[in-house]
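Okay, structure first, notes after.
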Amino acid sequence: MIRECEEHGYYRSERCPFCGEEGKFIMSDFEVEKIGRTLAGILRHGKYNLRMNEQGYVSTRDVLDKIKDLYPRMNWLRIRHLEALVDTDPKGRYVISGGKIRATYGHTIQLDIRLDCENIPEELFFPTNEDEVQNILENGIVPTDRSMVHLSRTFGDAMRAGQVHTEDPIILGIDTDVCMDMGSDIGKAARTVYLCKTVPPEAIFVADPDEYSTDDSE
């Protein structure tokens, strides 16, 4: 669920992680999931044909109206509820600016998203499986069901992303300098996600699990 602490703002827990206060109830887990799925449909996949600019931004008012139209029992929904969801999303899936909201990654529609290309880590990571790894090492990575290649900030991030699809993913490392030197720019989309149009095979290597920690605090 999402609650709000008067001193520390929104959080997703029973109590504020900073002061331990219970805080004010904002939304239940069910409501967060329902709204999140609707946001993904609108902002990542262009569902419901809401007006969207070339960078993927849609009016927060239009989004609110559509959610309340789909779920009449959520007629209590206000912009602050969207702000609470966005602020507490652990993966930074969405951003609100100037009365508009957009998804930061996961798009299946073509957009002209401006990404931060500064201070890119020397290595990023990509999960795959035994059936695909050899083809990737020989031919590189290209988008499949998304408009851009999604790369993970850490080995652990990539492992968790890969485990959504396969029990024991193979994690590939990406030499970002080589990738960008060969003309494939990389930009930061969210806290743990970077985007690239393609990754050439010269920039890819199999990451040795013994050399990387799955604990992101390290």
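Structure above, values below:
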item	result
The range 47-56: number of residues that are of a type in the set (S, T, N, Q) and assigned to a helix (DSSP H, G or I)	1
Filtered residues of the range 9-32 (kept if among the polar types (S, T, N, Q) and within 18 Å of L77 (Cα to Cα))	S28
Per-region count, the range 161-218, residues within 20 Å of the chain's Cα centre (by Cα), over 28 Å from R114 (Cα atoms) and among the aromatic types (F, W, Y)	0
Within the range 83-119, considering residues that are within 16 Å of L50 (Cα to Cα) and in contact with a Lys or Arg (Cβ under 7 Å, 6 or more places away or on another chain), the one surrounded by the fewest Cβ atoms within 10 Å (Cβ to Cβ)	T108
Filter result for the condition that a residue is farther than 30 Å from R146 by Cα and either open to solvent by 100 Å² or more (accessible area, probe 1.4 Å) or under 18 Å from the mean Cα position of the chain (by Cα) (or both), over E4, E54, E33, E21	E21
Residue list for the range 165-218, restricted to those being in contact with a Pro (Cβ under 9 Å, 6 or more places away or on another chain), more than 13 Å from V149 (Cα to Cα) and open to solvent by 50 Å² or more (accessible area, probe 1.4 Å)	H165, M182, G183, R191
Counted residues, the range 134-160 - those being over 18 Å from the mean Cα position of the chain (by Cα) and buried (at least 17 other Cβ atoms within 10 Å of the Cβ)	3
Residue that is farthest from T108 (Cα to Cα) [pool: residues in the range 57-82 that are hydrophobic (A, V, I, L, M, F, W, C) and either open to solvent by less than 40 Å² (accessible area, probe 1.4 Å) or part of a loop (DSSP other than H, G, I, E, B) (or both)]	W76
Total residues in the range 7-44, condition part of a loop (DSSP other than H, G, I, E, B), on the phi < 0 side of the Ramachandran plot and either among the aliphatic types (A, V, I, L, M) or touching a Lys or Arg at 6+ places or on another chain (Cβ under 6 Å) (or both)	1
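The values are calculated or read from the model by the stated rules, or taken from the named source; none is laboratory data. The shown structure was predicted, so the numbers you read here are calculated from the model rather than taken from an experiment. Neighbour counts are summed over all protein chains in view; Cβ atoms, including those assigned to glycine, are modelled from backbone coordinates with ideal geometry. When the accessible area is computed, the model is the full protein with side chains, heavy atoms only, and any ligands, DNA or RNA have been set aside. Shrake-Rupley method; radii C 1.70, N 1.55, O 1.52, S 1.80 Å.
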